[in-house]
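**Q** I have a structure I would like to understand better, so I am pasting it below and will then ask my questions one at a time.
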Amino acid sequence: MRTVRTVSELRAALAAPRRAGARIGLVPTMGALHGGHLSLIDRARGESDVVVVSLFVNPAQFAAGEDLDAYPRDEARDAALAAGHGADLLFAPPVEEVYPEGFATTIAIAGPLTETLEGARRGPGHFQGVATMVAKLLNMAAPDAAYFGQKDAQQAAVIRRLVSDLDLGVEVVVCPTVRGPDGLALSSRNAYLGPADLVRAVALWRALQAAESAVAAGERDPEAVADLGRAAMAEHDVEPEYLEVVDPQTLAPLEAIEPDAETLVVVAATVGRARLIDNTTVRAPAAVATPATTLSAAPEARCSA
Ligand code: PAF
């Protein structure tokens with residue numbers, strides 16, 4: 001695996017394989033690679049001739065007071081992991097390569113997709129920073145496919161919108177969340193959890209499991225489903241910042257859970273020093289057709305004159 005630091009080096013490295021018709025897969029990351037990232041690299045490796053992993057902690061998507069400075073950084077470790085999973089190129093640019101003097105463009109995606117949930121908590125700059133960065137990476141590498149994790153469900157929906165609205169012509173592949181043995185979703189921010197917090201952090205997954213069971217058992221009221229999730233979290237002494245039942249595409253809150261349709265349950269909570277997010281997609285069972293009542297067999301249902 002080769003490490004490149006400039007856009008021109010990246011483009012030069014990809015020029016010959018692109019001319020030869022190679023399929024290029026891009027895995028954008030902010031480093032601190034874990035099993036979730038590695039599953040994206042594995043998927044890209046299985047589907048691409050050339051796999052590019054980008055490694056850049058994007059200052060534009062952190063609000064003031066968030067963990068930009070504390071965000072875990074260890075390029076040598078990340079490079080070894082990416083190489084071990086078959087990446088061909090590591091693109092690890094310095095900040096001035098991505099945001100040179102005079103940089104002045106921001107991509108803003110309007111509406112509930114970016115203004116609710118993470119957008120509401122982290123501020124409008126968060127998804128603007130993500131969208132701008134992802135658009136830049138897609139222009140820099142011009143991949144055939146780009147790989148993202150379902151753990152960041154709202155980010156994945158924002159990126160799909162971005163790619164569709166700007167005709168970026170890249171396949172967006174969203175891969176399943178990878179979990180630890182106790183169900184905790186793998187995240188770079190799990191590094192902030194101490195031993196006691198690691199035990200409490202399972203509250204998010206327990207809430208999602210409670211929501212899944214309720215929907216599977218036929219609960220159709222989103223608020224009742226959310227209440228069961230909140231109760232599961234309370235058992236671990238964790239209070240959700242939000243726990244909502246939403247439409248998987250628009251992220252808008254649902255008024256009712258429709259049978260045989262996909263529903264997304266999203267949760268965020270701070271545990272110790274870590275702000276964690278997680279989600280699950282559930283499909284409510286299809287409605288069972290009830291046999292029509294036969295009037296002759298139900299005298300009490302007859303109309304009297
Ligand atoms: O999910 C991430 O790690 C980041 O938001 C991304 C997609 C690499 C953009 O900076």
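**Q** Within the set of other residues whose C-beta is less than 12 Å from the C-beta of Thr6, count the net charge using Lys and Arg as +1 and Asp and Glu as -1.
**A** After counting each charged neighbour, the total is -1.
**Q** Right, here's the next one. Which length gain, in nm to one decimal place, applies between Glu47 and Val199 when the Cα-Cα distance is subtracted from 0.36 nm times their residue separation? Could you put the intermediate results ahead of the total?
**A** Working: separation 152, 0.36 × 152 = 54.72 nm, distance 3.64 nm.
Extra length from Glu47 to Val199 when fully extended: 51.1 nm.
**Q** Give me the one-decimal nm value for the distance between modelled label points at Ala16 and Ala76, 7 Å along each residue's Cα-to-Cβ direction.
**A** About 3.0 nm separates the two model spin labels.
**Q** Contour minus end-to-end for Ala104 and Thr6, with contour as 0.36 nm per residue of separation and end-to-end as the Cα-Cα distance?
**A** Length gained between Ala104 and Thr6: 33.3 nm.
**Q** Could you order the peptides 173-180, 274-281 from most to least packed, using the average number of other C-beta atoms within 10 Å per residue? Walk me through the intermediate numbers first.
**A** On the way: 173-180: 16.9, 274-281: 21.1.
In decreasing order of mean packing, 173-180, 274-281 become 274-281, 173-180.
**Q** If you don't mind, another one. Between region 158-174 and region 86-134, how many Å separate their Cα centres?
**A** Here the answer is 14 Å between Cα centres.
**Q** Now for a separate question. If we sort 31-40, 50-59 on the protection proxy, mean other Cβ atoms within 10 Å, highest first, what's the order?
**A** Taking the mean over residues of other Cβ atoms within 10 Å, the ranking is 50-59, 31-40.
**Q** When you count, for each residue, the other Cβ atoms within 10 Å and take the mean per peptide, how do 162-172, 114-124 rank with the highest first?
**A** Ranking, from highest mean packing down: 114-124, 162-172.
**Q** Could you tell me which residue out of Ala203, Val265, Ile159 lies farthest along the dipole of the chain toward its positive end? Charges go on the beta carbon: Lys and Arg +1, Asp and Glu -1, centred on the Cα centre.
**A** Ile159
**Q** Then there is this: By how many degrees, between 0 and 90 and to the nearest 10, does the Cα long axis of helix 35-47 differ from the longest principal axis of the chain?
**A** That helix lies at roughly 80 degrees to the long axis.
**Q** Right, something else. So how tilted is helix 203-216 from the main axis of the chain? Cα-based, degrees 0 to 90, rounded to 10.
**A** In the chain, helix 203-216 runs at an angle near 40 degrees to the longest axis.
**Q** Further question: Angle, helix 124-141 long axis vs. longest principal axis of the chain, Cα atoms, 0 to 90°, nearest 10?
**A** 50 degrees
Bear in mind that the values in this text are calculations on the coordinates, not laboratory data. Quick caveat: nothing in here was measured; it's all calculated off a predicted structure. Methodologically, a virtual Cβ is constructed for each residue, glycine included, from the backbone with ideal geometry; neighbour enumeration extends over all protein chains shown.
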